[in-house]
1. If you count, for every residue in B:277-284, the Cβ atoms of partner chains within 10 Å of its Cβ, what is the mean?
2. So, R0 is 41 Å and r is the distance between the beta-carbons of B:His10 and A:Gln45; what FRET efficiency does that work out to, to 0.05?
3. Would you mind listing how long region A:85-130 runs along its three principal axes, going by Cα atoms, in whole Å with the largest first?
4. How big is chain A along each principal axis, measuring the range of its Cα positions in Å and listing the largest first?
5. Summarise the partner chain shielding of A:93-103 as one whole number: the mean count of Cβ atoms from other chains within 10 Å of each residue's Cβ.
6. What nm distance separates the two modelled labels at A:Ser130 and A:Arg70, each placed 7 Å from Cα along Cα→Cβ?
7. With r as the distance between the Cβ atoms of B:Arg30 and B:Ser60 and R0 = 25 Å, compute the FRET efficiency 1/(1 + (r/R0)^6) and round to 0.05.
8. Using a Förster distance of 60 Å, how high is the FRET efficiency between A:Ser101 and B:Arg93, based on the Cβ-Cβ distance and rounded to 0.05?
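We did not get these values from a lab; they are worked out from the coordinates using the rules stated. All values reported here derive from a predicted model rather than from experimental measurement. All Cβ positions, glycine included, derive from the backbone under ideal geometry; neighbour counts span all protein chains shown.
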Amino acid sequence: MQFVITAGSELPIYRQLMRQIRDAIAGGRLRPGDRLTSQRELAQQLVIAPLTVKKAYDELEREGLIRTERGRGTFVAVAASPLDPTQQRQRLQDPVRQLLSRARLAGVSFAEVISLLEEVRAELQSERESREVPQNDGSEGV
Amino acid sequence: MTIVDFQDVHRAYTRDADVLAGVTFSIEPRQVVGLLGKNGAGKTTLLRIAMGMIEPQQGSVEVFGVDPRHEPMQVKRQIGYVSEEQILPPYLRVDQIIALHKGLFPTWDDDLARSMIERFATPGRQKIKTLSKGQARQVALLCAVAHRPGLLILDEPAGGLDPAARREFLETSIQLLNESGTTILFSSHYMTDVERLADRIVMLHEGRILIDTELDDLRENYSLALVQPDGRVSRERLLALDACLGVRERSDSLHAVFELEPARVEEVLHRELGVGNARCTRIALEEMFIELAGGQG
């Protein structure tokens, strides 16, 4: 798994890493049970502080996306997430709020935002299909 | 155990001109602290005080629980030190310098030294004076870390190096963090290096601490507001706001740094000053440095 880190971005490095791992899981490039590069190795590879990698992994583990097995390594979680739906919604509120206020500033209407969401969703879905990940029935998740 | 503890450290070189005017902070094991500040902010003085090379005139410093001036050997054996100004004896060969340091440190790790020499590809029989700046700094780093110090003090370690040599230097530091969990206190003007290596930053300004925070908090909880000056808004009125850390006057706007996230800054500006058109954004470390170092007068 290759990640790209940009120092000097307004997004903290651990968040850049979290986002890329999350995207890789959502897009099917990382599948349930896949093993992630070890924290030390990734720190060396990306030339970032080991604590930063640890922070990203810890957060993702808290979100239920990955899990660490002592002595074996870190893996993409099989079950979706142990977080309850209320917590999940809360986590999504910030990015949604940001998206909507950005849209407002840019003069993009709510209807346009909705259609943009649908477009991106379709893109993600076709990315997933092209990797032949088993489909869900569309009733849960994006 | 606290690794470094600065308590109200004062130091002046000439009367009435404090280089350090009361600096207090401590560093816990495994922390990587980036020391920032303009030239003359007191960074080098503070690092030299930690090394026991100079003494504070007021206040105290403890390294590994002891005063470095009273127990110089005990402290120095646990520290690795590299500075931009450090000069290695020019007529000695690389292997002679390494042997010299090995003799000084009982905890010298031959395997680590050997692996670093191999990576640097610097022939041991070469004289120091024939090395490039980057190679010489790498040898200095090797000498500073091969005894696996508990604390690494780096004063502008990448100063004057090209980007490739700087990256090498970072890679070696990260290898050490990985293998030994070394505590690091370093000063640097390269903000991207600071972002890669540090988990906490301490910014000095005119001998005092302006900011002491986790690096990630800095980017998540601080913001920059661009405000048009008019009857309601002035530098003074912005500085009077609670969370405002500094204001820099530009030709057509005021740049204000706040210890709040952008949305909250918009609220505060609207509520307190009736400003509705401020642009508030998160701020990267380099911009933060420029705004604060330049906005303090």
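1. Working: counts 0, 0, 1, 0, 1, 4, 1, 7.
Average per residue, whole number: 2.
2. Numbers: r = 44 Å, r/R0 = 1.06.
The formula returns an efficiency of 0.40 here.
3. 35, 28, 12
4. Over chain A, Cα extents along the principal axes are 49, 39, 31 Å.
5. That works out to 1 on average.
6. Distance between label points: 4.3 nm.
7. Details: r = 23 Å, r/R0 = 0.94.
Efficiency at R0 = 25 Å is approximately 0.60.
8. Details: r = 63 Å, r/R0 = 1.05.
Once rounded, the FRET efficiency stands at 0.40.
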